[in-house]
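Working notes for the structure below.
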Amino acid sequence: MSGHEYGAGPVAALRRIAFLLERGREDTYKVKAFRAAAAAILPLSEHELRARVADGTLTELAGVGSSTATVITEALAGGVPKRLADVECEHGGPLTDKGHDLRARLKGDLHSHSDWSDGGSPIEEMAFTAMELGHEYLVLTDHSPRLKVAHGLSAERLTKQLGVVDAVNEHIATGSMSGAGGFTLLKGIEVDILDDGRLDQTDAMLDRLDLRVASVHSKLAMEKAAMTKRMVTAVSTTRMNVLGHCTGRLVTGNRGTRPGSAFDARAVFSACAEHGVAVEINSRPERRDPPTTLMELARDLGCLFSIDSDAHAPGQLDFLVLGCERAEAAGIEPDRIVNTWSRERLLAWANG
Ligand SMILES: [Zn+2]
Ligand SMILES: [Zn+2]
């Protein structure tokens, strides 16, 4: 990604730094300054920015501090800002050696979060970055109401969000974004699977969406038989399309580690295969979910898969190659991975 959507210049430089820091899993607070500064200067003319450089008043803009002012000044001078060169060096390399062939076949991403729930960036920034990565579609899947720690969306807020998604798509379609190549932001949700296997949103609301990821986020340590029943019920009786991070395990990262939930994987994946629910290969480095043996079991039982970033920041949309590496290693045929499909085929499947 080059940040070319805004042309070379200070906004592109600031966005690229933020993208790379997020992709390198740096803490959000380190990234925020760059995103805030990019947003602060986006409405300003180059003439005004140059005038502010000349009289030293860049930092009087809300959102611009001394380090971001340096990036802006160096970008306006026509070179690559030093901070960008450093971050490019530290975080710009390939995330893996393998998985790139499969990654090239992915047309989009079915699992992403904006700052409407627990993501760090606005909806449009997620969409623009997905476009820059060459996606044909990105499904916006903010959390459902019961996940209060993540500011899960009530039906009312989700309804409002659908209007914003329409507006973003309209903006893209009117051609103000160059190279838009038919990108669409799709309407989705990551809906909680409740203790009894129902979903944490009304059917009427779920019907208004393009695609539904459903995940277990609570009582992960539930007893095996109960967890199996909970998951099989959700897979077999609801409008869900994708089973998100099925074990809930954490293998690394600043949230610590935890073991995966116990459930009868053969029963759950058989239900997925029977009902056409895709098993998510969650690309987040701290999840790597499902574990390899479960992924191979789902493969052998004939399941569909989706390889998702579960991005909570724009730069994390680039995590997909990590899931691709694992899917390739497990020998999963690309045509069973639903996000190798065209948007039309994907939507027909999700709403069939
Ligand atoms: Zn989740
Ligand atoms: Zn998620």
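Structure notes:
- Compared with the dominant Cα axis of the chain, that is its longest principal axis, helix 123-132 is turned about 90°.
- Accessible area per residue for the range 3-91, computed on protein heavy atoms with a 1.4 Å probe, is 50 Å².
- Think of a 1.4 Å ball rolled over the protein heavy atoms: the range 100-350 then has 37 Å² of accessible area per residue.
- Spatial extent of the range 214-352: Rg and Dmax, with the Cα atoms as the point set, Å: 14.2, 40
- For the range 245-251, Karplus couplings with θ = phi - 60° (6.51, -1.76, 1.60), whole Hz, Gly/Pro x: 4, 4, 8, x, 5, 10, 9
- Net lengthening on full extension, Lys160/Ala330 (0.36 nm per residue, minus Cα-Cα): 57.2 nm
- Accessible area (Å², 1.4 Å probe, nearest 10) - His100: 80 Å²
- Calculated FRET efficiency, Thr57 to Ala85, Cβ-Cβ distance, R0 = 30 Å: about 0.70 to the nearest 0.05.
- Taking a sphere under 14 Å around the Cβ of Asn339 and counting the other residues whose Cβ falls inside, with K and R at +1 and D and E at -1, yields a net charge of -3.
- Along its principal axes, the range 286-352 has C-alpha extents of 33, 33, 16 angstrom, given from the largest down.
- Choice from Val338, Val71, Val80 with maximal GNM fluctuation in the chain (Cα, 10 Å cutoff): Val80
- Sum of side-chain charges, Gly63 neighbourhood, beta-carbon under 14 Å (Lys, Arg +1; Asp, Glu -1): +3
- Taking only the Cα atoms of the chain, the ratio Rg/Rh comes out at 0.99, with Rh defined as the Kirkwood radius.
- For the chain, built as a Gaussian network whose Cα springs stay under 10 Å, the top-fluctuating residue of Ala313, Ala77, Ala54: Ala54
- Max-minus-min Cα coordinates of the range 3-91 on each principal axis give 35, 23, 21 Å, with the largest extent listed first.
- In this Cβ point-charge picture (+1 for Lys and Arg, -1 for Asp and Glu), the chain has a dipole of about 640 debye about its Cα centre.
- Annotation for the range 165-251: GluC sites (Glu not before Pro) lying in DSSP loop with at most 16 further Cβ atoms inside 10 Å of their Cβ are Glu223.
- Counting only Cα atoms, the range 75-196 measures 53, 35, 31 Å along its principal axes, largest extent leading.
- Amide H partners (placed H, <5 Å) of Val191, local residues excluded: Val213, Ala214, Ser215
- Taking only protein heavy atoms and a 1.4 Å probe, the accessible area of the chain is 52% carbon and sulfur.
- 9 Å beta-carbon shell around Gly260, net charge (K/R +1, D/E -1): +1
- Think of the chain as a dipole: +1 on every Lys or Arg Cβ, -1 on every Asp or Glu Cβ, centred on the Cα centre; then among Pro290, Val165, Ser306, Pro290 lies furthest on the positive end.
- Packing-based order for 263-275, 231-243, using average beta carbon neighbours within 10 Å, highest first: 231-243, 263-275
- Stretchable slack from Thr174 to Thr237, in nm (0.36 nm times residue separation minus alpha-carbon distance): 18.7 nm
The values are calculated or read from the model by the stated rules, or taken from the named source; none is laboratory data. Everything numeric here is computed off the predicted structure, so don't read it as measured data. Heads up, the Cβs are rebuilt from the backbone with ideal geometry, glycines too, and the neighbour counts pull from every protein chain shown. Side chains included, ligands, DNA and RNA excluded: accessible areas come from the protein's heavy atoms. Shrake-Rupley method; radii C 1.70, N 1.55, O 1.52, S 1.80 Å.
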